[in-house]
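Worksheet for the structure shown next.
The values are calculated or read from the model by the stated rules, or taken from the named source; none is laboratory data. Model, not experiment: these values are computed from the prediction. All Cβ positions, glycine included, derive from the backbone under ideal geometry; neighbour counts span all protein chains shown.
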Amino acid sequence: MKEKAYTLNDRNWRIIGIPFMGMVIAVMIAFDEFLKLSQHFFLSVLFSTLLTLTFWEGNRYIIIWMRRIFPEYNQTGRRVVAEAVLAVAYVFVVSLLLDEVYYKPVYHVSALAMGFRISIVPTVIVYLVYEAVYFFDAWKMNVRKTEALMRENVQSQLEVLKNQLDPHFLFNSMNTLAALIDDENTAAQDYLERLSDVYRYVLVSRNKNTVLLSDEITFVDAYVYLNKIRFRENLQVEKQLSTATLAQHVTPLSLQMLIENAIKHNVASREHPLRIVIREEASEYLVVENNISEKTILEKSTRVGLQNIINRYSLLTDREVEIISDGERFTVKIPLLDQLAG
């Protein structure tokens, strides 16, 4: 999997934090010299600052590396564990090298244990600060995404309900019912049942970010049934979907919007039947494709349906909605999703 680009905007932290922690460590190590402000104390400050710089920059690289590998909010636990292991290993290796090239040759003593204990303190502080800021930023981003997704879902519901409650749609529906209803005609009952299924699904799915594709297909079948009463065999919808694909997720009402878009903009007649194919592609995309036979007079369209689908998917996945038109066929590819919080 390709690593996500990630950088840290922490220049001011480093400019202030490294000298400050170098000073604090020097005071802790040589407090008596600090009280006298001796030359030895200032050398200790310089040495501690260089040591802090080494630990800070090394651990900063580990943080960037781990955030590129585990960038998601739900990967926080794995990222923190990996950072902790690498940080302890890095501090130990640097302390060991410092012991071998400085303390033993210069002072003829081993300060490995003391050096490791002292060095681990600023390391822990640095990680706590970085992770706290990162966690808070990720939380704010998730809140913004959730709010944006809720707005898009509301827009989607309003658009579908407005289209279905449009007087033109209701007029066609009432005329269809009037032609079907008689004492022994069960077709009217079927029509009413499918109509209620459509409205029921809109109400049930209104608070969900994603739904099972199998549920969306059931809803679409009811919606297509209502339109086929009007268009009969002039409207043909073919599904080519595996059981595994039906178990994946899509955004609610997105599939219905695409079929409605095809019906709204194309002729569906005996001479020019409208053929819509719903199929899968590489188990990653759901493809809705129709032949193009544009109406000379288009029905009134708000033109927000496709954009609404694009906006909702942009909040759920990095994979983009693809729209292709070659003059003969109009194709929309929407990403299939794993289960997400509804």
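Within region 33-48, can you find the residues that are assigned to a helix (DSSP H, G or I), among the aliphatic types (A, V, I, L, M) and either more than 53 Å from the chain's Cα centre (by Cα) or more than 20 Å from Arg117 (Cα to Cα) (or both)?
Going residue by residue through region 33-48, those that are assigned to a helix (DSSP H, G or I) are 33-36, 39-48.
Checking the rest, the ones that are also among the aliphatic types (A, V, I, L, M) come to 35, 43, 45-46.
Leu35, Leu43 - these are the residues of region 33-48 that are assigned to a helix (DSSP H, G or I), among the aliphatic types (A, V, I, L, M) and either more than 53 Å from the chain's Cα centre (by Cα) or more than 20 Å from Arg117 (Cα to Cα) (or both).
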> Name the residues in region 256-285 that are out of contact with any strand residue (DSSP E or B) (no Cβ under 7 Å at 6 or more places or on another chain) and within 16 Å of Thr210 (Cα to Cα), would you?
Replying inline: Gln256, Met257
>> Looking at region 16-30, I want the residues that are closer than 13 Å to Val129 by Cβ and have a partner that is modelled with pLDDT of 70 or more with Cβ atoms under 7 Å, at least 6 apart or on another chain. Which pairs are those?
In response: Ile18/Thr49; Ile18/Thr52; Ile18/Leu53; Ile18/Trp56; Met21/Thr52; Met21/Pro122
>> Take Leu51 and tell me if it is more than 23 Å from Asn9 (Cβ to Cβ), touching a helix residue (DSSP H, G or I) at 6+ places or on another chain (Cβ under 9 Å), assigned to a helix (DSSP H, G or I) and aliphatic (A, V, I, L, M).
In response: yes
> In region 231-255, which residues are of a type in the set (Ser, Thr, Tyr) and either in contact with a strand residue (DSSP E or B) (Cβ under 9 Å, 6 or more places away or on another chain) or in contact (Cβ under 8 Å) with a residue 12 or more places away in the chain (or both)?
Replying inline: Ser242, Thr245, Thr251, Ser254
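Let's see how each residue does on (1) at pLDDT below 75; (2) in the same structural domain as Leu316 (by TED's automatic domain parsing); (3) of a type in the set (S, T, N, Q); (4) in a helix (DSSP H, G or I):
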{"position": "Ala89", "(1), (2), (3), (4)": "no, no, no, yes"}
{"position": "Asp99", "(1), (2), (3), (4)": "yes, no, no, yes"}
{"position": "Lys104", "(1), (2), (3), (4)": "yes, no, no, yes"}
{"position": "Ala113", "(1), (2), (3), (4)": "yes, no, no, yes"}
{"position": "Phe116", "(1), (2), (3), (4)": "yes, no, no, yes"}
{"position": "Pro122", "(1), (2), (3), (4)": "yes, no, no, yes"}
{"position": "Val129", "(1), (2), (3), (4)": "no, no, no, yes"}
{"position": "Phe136", "(1), (2), (3), (4)": "no, no, no, yes"}
{"position": "Asn153", "(1), (2), (3), (4)": "yes, no, yes, yes"}
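How about region 55-94: which of its residues are among the polar types (S, T, N, Q) and surrounded by fewer than 16 Cβ atoms within 10 Å (Cβ to Cβ)? Walk me through how you get there before you give the answer.
Step one: list which residues in region 55-94 are among the polar types (S, T, N, Q), which gives 59, 74-76.
Passing the criteria: Asn74, Gln75, Thr76.
In region 67-75, is there at least one residue being out of contact with any strand residue (DSSP E or B) (no Cβ under 6 Å at 6 or more places or on another chain) and within 21 Å of Phe20 (Cβ to Cβ)?
So in region 67-75, the residues out of contact with any strand residue (DSSP E or B) (no Cβ under 6 Å at 6 or more places or on another chain) come out as 67-75.
If we keep only those that are within 21 Å of Phe20 (Cβ to Cβ) too, we end up with none.
Within region 67-75, not a single residue is out of contact with any strand residue (DSSP E or B) (no Cβ under 6 Å at 6 or more places or on another chain) and within 21 Å of Phe20 (Cβ to Cβ).
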> How many residues are surrounded by 15 or more Cβ atoms within 10 Å (Cβ to Cβ), modelled with pLDDT under 85 and in a loop (DSSP other than H, G, I, E, B) if we restrict to region 271-324?
Replying inline: 1
